[in-house]
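Before any comments, here is the structure.
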Ligand code: LCS
C-alpha cells in the first residue's frame, strides 16, 4: 500500500495513497464495505477490539475500511499523520470546535471565512461560553490585537470564501504556538494539490470534500487531517460520539474523485487564469480578486511561498453593482447559477444574498463581502467556451 512516502508526488498520491488491490479478490477499485457492523470471531476478540488491545473494525460510526482508505489517501496528500472523514464540511468544523473549545475559551478566526463556520460559533457555541473575535487574519497585527490570555484556537481560512484574502500560515503557526494555542486551517479553496498547511506549521487542516476533493457535485462530505496522532485521537473520540462520521458509499465516491484531483485542479486553474485576465480588462468590471492578479509585493511573495498556484475561484464586482451582477447571473448560459464550488462545472453565485446571506450586512462589509460581489468557481470546461459565455453576459451590460 502506498502510504506517506515523501518521494511520491501529489499526482501519484491522489491515485494510489491509502489504496491497495483488495486482499480478497484483487479488485483494483476499492471495495465498498457497506455494513453498519462487523462480526467478531469470539467474545474474547470483541472485548479486545473494544479495549483497543486488538486492531480491527467494530461498528461503522467508529471506523470502516472504505472510509479508512479515504482518510489514508487524504492524510498522505496533506502530509499528515492521520485523518478523520466526516459527513459534511460543517461536521468537520463543528467537531473541531466541540473538541478544542470549552467554557470561557476564546477563538480568533478569519472574518471573511465561509459564513456558517463563523455563525455557528457566534450563534451556538456562544451559548456554552465560547468567545470569538473575527479579524482579517491576513494582517498578523490584527491577529495579535485580537489575542487574549484565554485564546485557545486560531482558525484561518486561506484564501477566504469568497474574498480570496490570503493569510500567512507559517507566521500564524509561530504566533499561536508561542501563545499556547493551536492553528487550524480550512484548505477547501486550494486542496492539498496547491497548498499543504501542515507543512507550514498548522496543527490540523480541514476541508469541505464536497468541493475540489470530490469534485463532481454529487457528494457532501468533510475531512480533518492532523499533523500529530495525539490530536487525531482527541478529535476521533469526540467524533465517534457526536456522530458526524462519513458513510462508506460516500467515502467510495470521494475516492473516485481524488484519483483525478490533481488533473482537475490544474485544468480549472488554467481556465480561471484566462477568465480573471479577461474580467480585469472588461469595461463593465469594477474590480477583480484572484490570487494570480495580486499586485502587493509582500502578498505576491507569500503566495509564491505558500501556494503552488492561484486556484480557480474568482471574486469580482461589476460597475453597475448589485443590479448588474443579478443581470449577469441570469444572463450566462453555460455557467450554472448555483452555490458550492470546486466541481468540474463552472458555477456562479452572489454571496451577499446566497452563501453569506445569514451574516449581518455590517459583518459582511467588514469581511470585504460587498453587496455587488459575484463569485465564480471555474470548472474544467473548454476555456474558449467559458470566455464566450462570460463575454456574452458582460457585453449585454455595457
Ligand atoms: N469550508 C468552506 C471554505 C466552505 O466553502 C464550505 C462550504 C464549508 C467549509 C462547509 O462545507 P459543507 O458542510 O458544505 O461540505 N461552502 C459552500 C459554498 O461556498 N457554497 O455552498 C457551500
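Each value in this text was obtained by applying a stated rule to the coordinates, not by laboratory testing. As the structure is a prediction and not an experimental result, all values here were calculated from the model. Methodologically, a virtual Cβ is constructed for each residue, glycine included, from the backbone with ideal geometry; neighbour enumeration extends over all protein chains shown.
A compact table of results
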read-out: Fully extended contour minus Cα-Cα distance, from residue 281 to residue 387, at 0.36 nm per residue; value: 36.9 nm
read-out: Between 0 and 90°, nearest 10: helix 229-242 axis offset from the chain longest Cα axis; value: 90
read-out: Of all DSSP beta bridges in segment 1-152, antiparallel share, percent nearest 5; value: 10
read-out: Tilt relative to the chain, helix 261-280 - C-alpha long axis, 0 to 90 degrees, to 10; value: 20
read-out: Sequence-separation-based contact order of segment 104-207, relative, with Cα cut under 8 Å and 6+ spacing, percent; value: 25
read-out: Cut-off 18 Å (backbone N to label point 7 Å along Cα→Cβ of residue 218), residues of segment 5-30; value: 29-30
read-out: Residue-averaged [θ]222 nm for the chain, counting only DSSP H segments that reach four residues, each worth -39500 (n - 2.57); value: -11500 deg cm²/dmol
read-out: Cβ-based exposure ranking for 232, 175, in which fewest neighbours within 10 Å come first; value: 175, 232
read-out: Globularity index of the chain, i.e. its alpha-carbon radius of gyration over 2.2 N^0.38 Å; value: 1.00
read-out: Tensor-based shape of segment 262-395 (alpha-carbon gyration tensor, a/c under 1.5 rounded, otherwise prolate or oblate); value: rounded
read-out: Cβ-derived FRET efficiency at R0 45 Å, residue 304 paired with residue 330, nearest 0.05; value: 0.75
read-out: GNM top mover of 138, 180, 52 - the chain, alpha-carbon springs below 10 Å; value: 52
read-out: Computed label-point distance, nm, for sites residue 123 and residue 50 using a 7 Å Cα→Cβ extension; value: 3.9
read-out: Shape call, segment 51-109: gyration tensor on alpha carbons, a/c limit 1.5; value: prolate
read-out: Distance between modelled label sites at residue 9 and residue 249, nm, 7 Å Cα→Cβ extension; value: 3.7
read-out: Centre separation in Å (Cα based) which lies between segment 1-76 and segment 256-304; value: 36
read-out: Percent RCO, i.e. relative contact order, over segment 262-395, from Cα pairs under 8 Å lying at least 6 residues apart; value: 30
read-out: GNM result for the chain, Cα springs below 10 Å: residue of 263, 347, 239 fluctuating most strongly; value: 263
read-out: Reduced Cα scattering model of segment 1-85, Debye log10 I(q)/I(0), q = 0.15, 0.18, 0.23 Å⁻¹; value: -0.64, -0.86, -1.12
read-out: Percent antiparallel among DSSP beta bridges (both partners in the chain, rounded to 5); value: 55
read-out: Relative contact order of the chain, defined on C-alpha pairs under 8 angstrom at six or more residues apart (%); value: 17
read-out: Efficiency of FRET from Cβ geometry, residue 319 and residue 34, R₀ 45 Å, rounded to 0.05; value: 0.25
read-out: Crossing angle, helix 89-100 versus the chain [Cα axis fit, 0-90 degrees, rounded to tens]; value: 60
